[in-house]
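Student: Dumping the structure here so I can ask a few things about it.
The values are calculated or read from the model by the stated rules, or taken from the named source; none is laboratory data. Bear in mind that the values here come from a model prediction, so they are computed numbers and not experimental data. Cβ placement follows ideal geometry from the backbone for every residue including glycine, while neighbour counts extend to all protein chains displayed. Note: areas computed on protein heavy atoms with side chains; ligands, DNA, RNA excluded. Shrake-Rupley method; radii C 1.70, N 1.55, O 1.52, S 1.80 Å.
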Amino acid sequence: MKRTALSTAGRIWPNATAALLALGFVFPVYWMFGTAFKPTRDIITEDPVWFPFHGTVEHFAAAVHAPHFWALAGNSVVVTLLAVGLSLVIALCGAFALTRMRFKGRRGILLTFMVAQMAPWEVMVISIYLIVRDADLLNSLVPLTCFYTLMVLPFTLLTLRGYVAAVPRELEESAMVDGCSRRQAFRKVVFPLLAPGLMATSLFGFITAWNEFPLVLVLNKEPAAGTLPLWLSQFQSQFGDDWGATMAAASLFAVPILVLFLFLQRKAVGGLTSGAVKG
């Protein structure tokens, strides 16, 4: 009986701590969405209205009708999807080569990607700006796509490398014994097993590219050539102290990431843990 009580008490404290931490992380998100739906009178009142409140969508209407919103949203979607797609293709080929093949310079390549993963991109903003300016590509989506791909690539390759290493080599060899070429064995046997890893890396690559701000601030200064992070940083100055519209704009910016994360969360966790093996 005492052991049962002690074990129950031992489970309560970790669960209570986890619940408090979860509440601390969820509350800002709730407050952002709640403020976006509140009427202005409930936002500026001295007594905060927690719940329930009379919802309104007028702040979202103000956000979506802001100048250049749809153009910048399209830019963000195009640049992010292209960067994630290119990084996945390059990283998958590189991870397969680094895992399945032995060649001179392999460890040096891995070390280079690890250093690139640790290096802060912000220190290279001036150099990147000079390169893009000399190439006459300022206010273009092409350099953004290229540099976003380079930002996402190290993490994607290192994660996929661990996941490819977790796939038994014998499965590929058995397919080749049965008559498949190396390419067919990869496409029919190995690639389907990598789906969770691809989802995990694409999720975190999407978050990185979607939220990136310093590069677009420096390279794309024209109002219609930027992305949503730049638009969001300038939103409050455009609307003054309209906190409802500001929170609505922040909510619209966060919705794609939340939806994607909720859709891929199980695969993402499984992919990251499976990709964390020694390869």
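Student: Compute log10 of I(q)/I(0) for segment 31-107 with the Debye formula, placing one identical point scatterer on every Cα and leaving out solvent, at q = 0.12 Å⁻¹, to two decimals.
Tutor: Ignoring solvent entirely, the Cα scatterers give -0.62.
Student: A further question on this structure: Report the charge-dipole magnitude of segment 86-169 in Debye, nearest 20, computed about the Cα centre from +1 at each Lys and Arg Cβ and -1 at each Asp and Glu Cβ. Numbers along the way, then the final one.
Tutor: On the way: 8 positive and 3 negative charges, 150 e Å.
The calculation lands at about 720 debye.
Student: Using only helices, what value at 222 nm comes out for the chain when you add -39,500 (n - 2.57) per DSSP H run of length 4 or more and divide by the total residues, to the nearest 500 deg cm²/dmol?
Tutor: On the way: 14 runs with 207 residues, N = 279.
The helix-only estimate for the chain comes to -24000 deg cm²/dmol at 222 nm.
Student: Rg to Rh for segment 170-214: what is it, with Cα atoms only and Rh by Kirkwood? Working shown, then result.
Tutor: Details: Rg = 15.9 Å, Rh = 12.3 Å.
Rounded to two decimals, Rg/Rh equals 1.30.
Student: Per residue, what accessible area does segment 187-263 have, given a 1.4 Å probe and all protein chains present, in Å²? Each step should come with its number before you reach the end.
Tutor: Working: 3490 Å² over 77 residues.
I get 45 Å² per residue for segment 187-263.
Student: Can you classify segment 1-151 as rounded, prolate or oblate using the Cα gyration tensor, where a ≥ b ≥ c are the square roots of its eigenvalues, rounded means a/c under 1.5, and otherwise it's prolate if a/b beats b/c and oblate if not? Intermediate values should be presented prior to the final figure.
Tutor: Working: a/c = 3.07, a/b = 1.24, b/c = 2.48.
Taking the square roots of the gyration eigenvalues as a ≥ b ≥ c, segment 1-151 is oblate.
Student: Taking θ as phi - 60°, what are the ³J(HN,Hα) couplings along segment 222-232 by the Karplus curve (6.51, -1.76, 1.60), each to the nearest whole Hz, with x for Gly and Pro?
Tutor: Taking θ as phi minus 60°, the curve returns 5, x, 9, 9, x, 10, 4, x, 5, 4, 5 Hz for segment 222-232.
Student: Next up: Residue by residue through segment 107-120, which ³J(HN,Hα) values in whole Hz follow from phi under the Karplus form 6.51 cos²θ - 1.76 cosθ + 1.60 (θ = phi - 60°), with glycine and proline marked x?
Tutor: Per residue, the Karplus-derived 3J(HN,Hα) values read 5, x, 5, 4, 5, 4, 5, 5, 5, 5, 5, 7, 6, x Hz.
Student: I want to check a number: in the chain, how many lysine pairs have alpha carbons closer than 30 Å, given a sequence separation of 8 or more or different chains? Walk me through the intermediate numbers first.
Tutor: Values: K104/K188; K104/K278; K188/K267; K188/K278; K267/K278.
Pairs that pass both the separation and distance tests number 5.
Student: Still on this structure, please answer the following. Suppose we look only past 37 Å in the calculated P(r) of the chain. What percent of the Cα-Cα pairs does that tail hold? Walk me through the numbers before you get to the answer.
Tutor: Details: 12388 of 38781 pairs.
The calculated P(r) of the chain puts 32 percent of pairs beyond 37 Å.
Student: Relative contact order of the chain: what whole-number percent is it, with Cα pairs under 8 angstrom and at least 6 residues apart? Please list the in-between numbers first.
Tutor: Values: 290 pairs, mean separation 85.6, N = 279.
Dividing the mean separation by the residue count of the chain yields 31 percent.
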